[in-house]
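Quick notes on the structure that follows.
Taken together, the values in this text are just the output of simple stated rules run on the coordinates, not laboratory data. Values in this document were obtained by computation on a predicted structure and should not be read as measured data. Note: ideal-geometry Cβ built from the backbone for every residue, glycine included; neighbour counts use all protein chains shown.
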Amino acid sequence: MSRYLMAFDAGTTSSRCILFDRAGKIRSVAQQEFTQYYPYPGWVEHDAGEIWDTQYFVAKEAMRKAGASAEEIAAIGITNQRETAVVWDRKTGVPVCRAIVWQCRRTAQEADELRRMDYAGMIRDKTGLIVDAYFSATKLKWILDHTPGARERARRGELLFGTIDTWLIWKLTGGRVHVTDYTNASRTMLFNIHDLTWDQEILDLLDIPRVMLPEVKPSSCIYGASDPALFGRPIPVAGAAGDQQAALFGQACFHEGDVKNTYGTGCFLLMNTGEKAVRSENGLLTTIACSCGGRVSYALEGSVYVAGAAIQWLRDEMHLIDTAAESEEIANQAEDTKGCYVVPAFTGLGAPYWDQYARGTIVGLTRGCGRAEIVRATLESIAYQAADVIRAMEKDAGHPLTALKADGGASRNNLLMQFQADLSGAPVIRPECVESTAFGAASLAALAVGWYDSTDDIANQWKAERLFEPVLPEEERKEKLRGWKMAVSRARGWAQQP
Ligand code: ADP
């Protein structure tokens, strides 16, 4: 009788493994960081071999900590950093170069060129994405352009491409299975999210041989069994999803209109739009959400570049707080910000503004503004930015937010959660299990192997820890948002050349 589900959480800076029990409780966690390579300014690389080694190590470590044997593990589910591109030799399993990470800007010009040549509309229509170096397509092209002989070898079927999910499944199955799931495919900028196939027109445009691409499968599906040599006996590999989609699933956002926000370094907001792929008129991306039972669900996605990172700035640069958690206590010493706004546009503004020239700004200072007001205004800026994305989602989806499910490190901040509820005019719900991403991956695997019968089982395990109801009078809410809009207008375009 199996007792555990194993989740691989293959993040950007570390590999983690979590074992969940049948009640959805965490039984053990193991984590190991891996090397970040920054060969030139703006470039970010990972060693895919090291990602596999650390992931395998933490899997065994998590089993050891829980005293679990392979027989007791019902299935493995994977969630991963999205968009990062790996190319390896089909025979030897050795990557041809380091993986190009989602953050890497080396192909920014390539993306500019696609826009200049007027391909942005076609790519947007087919993939749901705004042309950018962030997605896998130009990264894969770069590898083929810059590795001697790679394109020819790929054409002959000697090289394989994958995102991190694909790479881990391939390694887990001893090189027998080359697949990805819909959510990861939808972040490559090569996948047609409407007819669910690799898009030949885009492949031709970038000169990418189709034979090197993985087969695309549902997120909840038995892809294969792990190589018996790894854990002593085979374990079904039965779930895969990109991290943000896994979090949406783990938060039990199964219905149209359900929204989650992960408050980490940045914020990632996703709204389930059901079977409709909504084309955003407000600067959001259209992407594939996890689904099971043969249907495909879609989501709208918007990201905020600087969220928890603004709290790190208060701590590390401004020295106004000693710990991130202290921001709540200090902010509570001020009743309000006395009209002061912080716009933490350190690296520009993401959705819905997409202004790479915006810069950090503090406006509305008066003589009475001190440490508590600045800390409070910085915390509030996280909620304002998320509220802007929510507003864009509401406009695109055509219905108002009914509730927001929160997770991520900064969701522990009660003042932030309350202010978010006040600004959004809808309750904010924080779950008991804040490991939504890993729980999502485990749940996808659980459904595939019949551990769970339906998403109802997941919804039943999902429990709210605390609910934050909006209490701010409407007039005050409008007034605050009006001030925020003005503050953002002051921050915009700041770094633009005159
Ligand atoms: P990531 O996965 O992006 O590394 P986490 O989900 O681990 O992020 O969250 C860490 C971020 O949350 C940090 O930027 C930190 O400043 C912020 N953070 C953590 N705790 C709090 C808190 N109590 N209040 C506000 N921000 C917090």
Which peptide among 62-68, 385-391, 263-269 comes first, and what is the full order, when sorted by highest mean count of other Cβ atoms within 10 Å? 385-391, 263-269, 62-68
Post the alpha-carbon centroid distance, the range 233-308 to the range 19-89, in whole angstrom. 20
Under the rule of -39500 (n - 2.57) per DSSP H run of 4 or more residues, summed and divided by the residues of the chain, what mean residue ellipticity at 222 nm is obtained, to the nearest 500 deg cm²/dmol? -10500 deg cm²/dmol
Neighbour net charge for C17 - beta-carbon separation under 10 angstrom, K R +1, D E -1: +1
How large is ³J(HN,Hα), in whole Hz, for each residue of the range 199-212 in order, when computed from phi with the Karplus curve 6.51 cos²θ - 1.76 cosθ + 1.60 and θ = phi - 60°, using x for Gly and Pro? 8, 4, 4, 6, 4, 5, 4, 9, 6, 10, x, 4, 4, 8
Here, chymotrypsin sites (Phe, Trp or Tyr not before Pro) of the range 337-380 satisfying both criteria (DSSP loop; at most 13 other Cβ within 10 Å) are W354
Treat the count of other C-beta atoms within 10 Å as a stand-in for reagent exposure and order S186, S280, S15 from fewest to most. S280, S15, S186
Within the P(r) computed for the range 1-105, what percentage of the Cα pairs occupies the region above 24 Å? 32
Please figure out what share of the DSSP beta bridges in the chain is antiparallel and state it in percent, rounded to the nearest 5. 70
For the range 269-278, Karplus couplings with θ = phi - 60° (6.51, -1.76, 1.60), whole Hz, Gly/Pro x: 9, 10, 10, 5, 10, x, 7, 9, 8, 7
Which order, highest average first, do 474-486, 188-200, 222-234, 249-261 follow once you tally other Cβ atoms within 10 Å for each residue and take the mean per peptide? 249-261, 188-200, 222-234, 474-486
Using 0.36 nm per residue of separation minus the Cα-Cα distance, give me the extension gain between L472 and S454 in nm, one decimal. 2.7 nm
Counted charge near A240, where neighbours are those whose Cβ lies closer than 10 Å (Asp, Glu -1; Lys, Arg +1): -1
Need one number: the % of Cα-Cα pairs in the chain sitting beyond the 39 Å mark. 22
